[in-house]
Amino acid sequence: MKITALKGIGDKTAGLFHKLNIDTAEELVRYYPRDYEFFAAPTELAEAGLDEMAAISGQIRGNIATRHIRGLSITNFDVDCVGGGVLHMTYFNMAYLKNSLKKDAQYIFRGVLRQKGSRYVMEQAKMYKPEEYGKMVERMLPRYSTTKGLSNNTIAKTMRQAIGAVNLSEDYLPDEIREDSHFYTYEESIRQIHFPENRDALIKARERLVFDEFLLFILMIRKMRDANRELPNGCPMIAVAETERLIEALPYRLTNAQHKVWEQIQGDLSSEHTMNRLIQGDVGSGKTILAFLALIMCAANGYQGALMAPTEVLASQHYETLLQMKKQYHLPICPVLLTGSTSAKERRDIYEQIESGEANVVLGTHALIQDKVVYHNLGLVITDEQHRFGVRQRESLAQKGNAVHVLVMSATPIPRTLAIILYGDLHISVLDELPANRLPIKNCVVNTSYRETAYRFIEKEVSEGRQAYVICPMVEEGESDELENVVSYTAKLREKLSPSVQIASLHGKMKAAEKNRIMEAFASRQIDVLVSTTVIEVGINVPNATVMMVENAERFGLAQLHQLRGRVGRGDAQSYCIFMSSSQRPETMSRLKILNESNDGFYIASQDLQLRGPGDLFGIRQSGDLRFVLADIFQDANVLQMASEWADTILERDAALESEQYAALRRRLECVSINEVDFRTI
């Protein structure tokens, strides 16, 4: 059902929903809230937590004063709080309050409580009459990711309509699973995830939908594993002198872990069976050189090798590096680069080189799996940052040849038990050492009072020819008022830093061409400071960047913060990571300080798994690279294990899902979209 079939949705509003990749009512009901606004009962000032949302009851005391500074009106007044204490209120560009508020009336003020000196303060707090607020107590209102022109209220209102209009009655989960696990029906889960009756109902709804995501994904993985299990080697290879000479000639020594994994790759390529291997290695552990060695071995054996990268910038960087290595070490490779921005004329020439076999190493993005790309004798497929493509796209590239060897790489440091479930069709190699010449990143976990000092430090690094990243959790103003956003922060930095510092912004709502242009400009040092969302987790390698500053660090999982930190520390210079927390809660700061203790992603991942539980629903952004719609592999590890066990049970009973018991599940699996099952990007 088109979204325009819903009441009040015309072409203009439909266009705004389209920006969120929502064109139908069915897509809308699967657009889950990013968090919830919970209306707790009013508390006394002395019992309210600092730097947290609080509702405080009181009466206005004294005069309401408004002053004007450079076109900005600032309204202040004090509140005598119920239970004792005085709260100082500040409002910007709301001068009308002076006439609309009554001094002797009782109000509920709801906002983030802060302390400045000896005073308790709130800025831009929302105001309610007691009877109005009383109706909202204990309610949880959904908050969705929005886009300019489309309010949260409009999305919620349209969502209620869509839930009533879409047929949610068919439940593809077999009754046995639902009853054994005490799950909601699919219809009830959708209703409760959007408009929960209470926190317990929300937890139950989320658990059911998380289970669905994991089950569907694992069933696809299991089916791929069974299809690929012990395929005879259609592209047999032998070890070649070129790779050994390159290893000896490199200006650095491979780590013991790299040597071990390289032996495993060589063994796979020359064995009786087709390779299906995952290299799981922390950021900077040296996965790329192993991929290059595999491509060289493939080419020297007379086959073509293809490497698919998640972004054009990274694909271009790989291509330039291989070209340079070819010249320097006289390698038997002829690399070509194929991306979405390759011109039509260049594209035709590259197609011919690939089809004729003249090009024996092909690097690129999703362009490598287009129908027009015909390979001469493809023998090896490598996907860099596996999660960015998903199982179907990886399979599409492998099907360009006959029994092609597959090597995938992931920088997500997840526990081996979870990796075996998530990468069930692959053998797993782990790179658990960093090159000896890498300087450890210096980390600090600080509160917002350190912000000005951080700005001066960034300026100092830029003055010495270095570059910096600043990460914000939100794209633009209005998504979440208490969190920093890229658009506003970029403007603020331009005021705070010297005019000579070149600042740009980057986020997932930009068009692909614009994102590539900005990343290329940053990589070529035309930009000094890049303000971005987590879209830069992968896809760019800038050894000259030495500072990573993360705002609202408390809103991210430890694994994701570690991934972000991996964007620096890639060159010879000392690098630094500043985790800025807007929360003063002791448990928050102690969690973040784990990043001070270690630069080891596997240790951090294990700590993340221990610290996070099912009660921590939406307070922390999702972890690392393995990003589903709702599910989180760390937070939901127990649900992942349950889904894995049920997937095995289902396939043991009925591998083709032919019985009536699994008919609805089979239909769901056949029509599911890539983005619902495969790993997600921000």
- Does the stretch 576-587 include one or more residues that are farther than 30 Å from P196 by Cα, modelled with pLDDT of 90 or more and in contact with a Gly (Cβ under 6 Å, 6 or more places away or on another chain)? no
- If the Cβ limit is 8 Å and pairs must be 6+ apart or interchain, which residue in the stretch 506-530 that is at positive phi pairs with which residue that is assigned to a loop (DSSP other than H, G, I, E, B)? R525/N544
- Of residues in the stretch 545-602 being touching a Phe, Trp or Tyr at 6+ places or on another chain (Cβ under 8 Å) and of a type in the set (S, T, Y), the one surrounded by the fewest Cβ atoms within 10 Å (Cβ to Cβ): Y576
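Look at the stretch 447-466 and say how many of its residues are in contact with a Ser or Thr (Cβ under 7 Å, 6 or more places away or on another chain) and open to solvent by less than 70 Å² (accessible area, probe 1.4 Å). Give the derivation first.
In the first step, residues of the stretch 447-466 are kept if they are in contact with a Ser or Thr (Cβ under 7 Å, 6 or more places away or on another chain); the result is 447-448, 459, 461, 466.
Subsequent filtering for residues that are open to solvent by less than 70 Å² (accessible area, probe 1.4 Å) retains 447-448, 459, 461.
So the answer is 4.
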- Kindly list the number of the only condition in (1) surrounded by fewer than 21 Cβ atoms within 10 Å (Cβ to Cβ); (2) touching a helix residue (DSSP H, G or I) at 6+ places or on another chain (Cβ under 9 Å); (3) closer than 23 Å to L434 by Cβ that fails for D282. (1)
- Take the residues of the stretch 603-624 that are surrounded by fewer than 22 Cβ atoms within 10 Å (Cβ to Cβ) and not in a loop (DSSP other than H, G, I, E, B): which is modelled with the lowest pLDDT? R621
- Message: Anything in the stretch 11-48 that is more than 30 Å from G149 (Cβ to Cβ) and either open to solvent by less than 30 Å² (accessible area, probe 1.4 Å) or in contact with a Leu (Cβ under 7 Å, 6 or more places away or on another chain) (or both)? List them, or say none.
- Response: L45, A48
- Note on the structure: Here the residues within the stretch 591-602 that are under 24 Å from L418 (Cβ atoms) and at pLDDT 80 or above are R591, L592, I594, L595, E597, S598
- Hey, among the residues in the stretch 453-478 that are of a type in the set (D, E, K, R) and within 17 Å of N552 (Cβ to Cβ), which one's modelled with the lowest pLDDT? E477
- Message: The conditions are (1) free of Cβ contacts under 8 Å to residues at least 60 places away in the same chain; (2) under 25 Å from K98 (Cα atoms); (3) hydrophobic (A, V, I, L, M, F, W, C), and A46 fails exactly one of them. Which is it?
- Response: (2)
- Those residues that are open to solvent by less than 20 Å² (accessible area, probe 1.4 Å), of a type outside the set (V, I, T) and either part of a helix (DSSP H, G or I) or modelled with pLDDT under 90 (or both), I need them from the stretch 291-313; list them, please. A291, F292, L293, A294, L295, M297, C298, A299, M308, A309
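Any idea which residue in the stretch 517-554 is nearest to S581 (Cα to Cα), counting only those that are of a type in the set (S, T, N, Q) and outside any strand (DSSP E or B)? Don't jump to the end; show me each part of the working.
First, pick out the residues of the stretch 517-554 that are of a type in the set (S, T, N, Q): 524, 526, 532-534, 541, 544, 546, 552.
Going one step further and asking which of them are outside any strand (DSSP E or B), we end up with 524, 526, 533-534, 541, 544, 552.
Details: S524: 31, Q526: 30, T533: 16, T534: 16, N541: 26, N544: 26, N552: 5 Å.
This residue is N552.
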- Task: Scan the stretch 58-83 for residues that are closer than 24 Å to M136 by Cα and out of contact with any Cys (no Cβ under 7 Å at 6 or more places or on another chain) and report the count.
- Result: 7
- Restricting to strands (runs of 3 or more DSSP E) lying wholly in the stretch 34-104: which have 2 or more residues that are aliphatic (A, V, I, L, M) and modelled with pLDDT of 85 or more? 53-69, 72-81, 86-92
- Task: Identify, from the list A257, A306, A299, A315, the residue that is within 29 Å of the chain's Cα centre (by Cα) and under 13 Å from L380 (Cα atoms).
- Result: A306
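Residue check: is Y172 closer than 30 Å to T649 by Cα, out of contact with any strand residue (DSSP E or B) (no Cβ under 7 Å at 6 or more places or on another chain) and crowded, with 16+ Cβ neighbours inside 10 Å? Lay out the reasoning, then the answer.
On the way: closer than 30 Å to T649 by Cα: yes; out of contact with any strand residue (DSSP E or B) (no Cβ under 7 Å at 6 or more places or on another chain): yes; crowded, with 16+ Cβ neighbours inside 10 Å: yes.
Yes; evaluated as a whole, the condition is true for this residue.
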- Query: Which residue, of E197, E179, is open to solvent by 70 Å² or more (accessible area, probe 1.4 Å), at pLDDT 90 or above and either out of contact with any helix residue (DSSP H, G or I) (no Cβ under 8 Å at 6 or more places or on another chain) or of a type in the set (A, V, I, L, M, F, W, C) (or both)?
  - Reply: E179
- Does N485 fit the bill of being free of Cβ contacts under 8 Å to residues at least 24 places away in the same chain and either aromatic (F, W, Y) or surrounded by 20 or more Cβ atoms within 10 Å (Cβ to Cβ) (or both)? yes
- Take the residues in the stretch 491-516 that are modelled with pLDDT of 90 or more and in a helix (DSSP H, G or I), then tell me which one is least open to solvent (accessible area, probe 1.4 Å). L493
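The values are calculated or read from the model by the stated rules, or taken from the named source; none is laboratory data. None of these values were measured; they are calculated from a predicted model. Don't worry about glycine lacking a Cβ; one is built from the backbone with ideal geometry, like all the others, and counts go over all protein chains shown. The protein model used for the area step is the full one, side chains on, heavy atoms only, and it has no ligands, DNA or RNA in it. Shrake-Rupley method; radii C 1.70, N 1.55, O 1.52, S 1.80 Å.
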